[in-house]
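Take a look at the structure below.
Computed from the coordinates by the stated procedures, all read-outs in this text should not be read as laboratory data. The shown structure was predicted, so the numbers you read here are calculated from the model rather than taken from an experiment. Ideal geometry is used to build each Cβ from the backbone, glycine not excepted, and the neighbour counts take in all protein chains shown.
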Amino acid sequence: MILVDVQIPMLDKVFDFELNEEAEAGKVIEDVSLLAAQQENLTCKNVKEMSLYVLGQEKLLEGNLNLRQQGVRAGDRLILF
C-alpha cells in the first residue's frame, strides 16, 4: 500500500488515497472517481474516459498495468481528469 495525493481539477480538490501498488490503473481510476464523487455528493459519469497523470513522471498511466509497473511511489501526486 502506498499513500498518494490525487488532484481532481474538475472539483478543485486534492484527496489523500492509500492505494494498492498491485492494482491496475484502470481500477484505481474507477475507485478514486467513485469515492470522490460520493464524498462530494456527485454522480460520476464517463469513468472509462478518465485518465491518471503522474505529475513527477510527466506521463499518463496505462489502464491495464499496475501502479508498481508504472513506477508510482508513495508521495506521488496523481492528477485525475
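Kindly provide the set of residues from segment 18-33 that are without any contact (Cβ under 8 Å) to a residue 24 or more places away in the chain and part of a strand (DSSP E or B), ordered by number.
Selection gives E18 alone.
Just to be sure I understand, how many residues within segment 61-81 are over 19 Å from D16 (Cβ atoms) and either exposed (fewer than 12 other Cβ atoms within 10 Å of the Cβ) or touching a residue at least 60 places away in the same chain (Cβ under 8 Å) (or both)?
Matching residues across segment 61-81 total 1.
Taking the options L34, L61, L67, name whichever one is in contact with a helix residue (DSSP H, G or I) (Cβ under 9 Å, 6 or more places away or on another chain), under 12 Å from I79 (Cβ atoms) and of a type in the set (A, V, I, L, M, F, W, C).
L61
Could you list, in sequence order, all residues of segment 34-78 that are part of a helix (DSSP H, G or I) and touching a strand residue (DSSP E or B) at 6+ places or on another chain (Cβ under 7 Å)?
Scanning segment 34-78 gives a single hit, A36.
Looking at E49, E22, E40, E58, can you tell me which residue is in contact with a Lys or Arg (Cβ under 7 Å, 6 or more places away or on another chain) and not polar (S, T, N, Q)?
E22
State whether one or more residues within segment 45-60 are among the charged types (D, E, K, R) and surrounded by 14 or more Cβ atoms within 10 Å (Cβ to Cβ).
no
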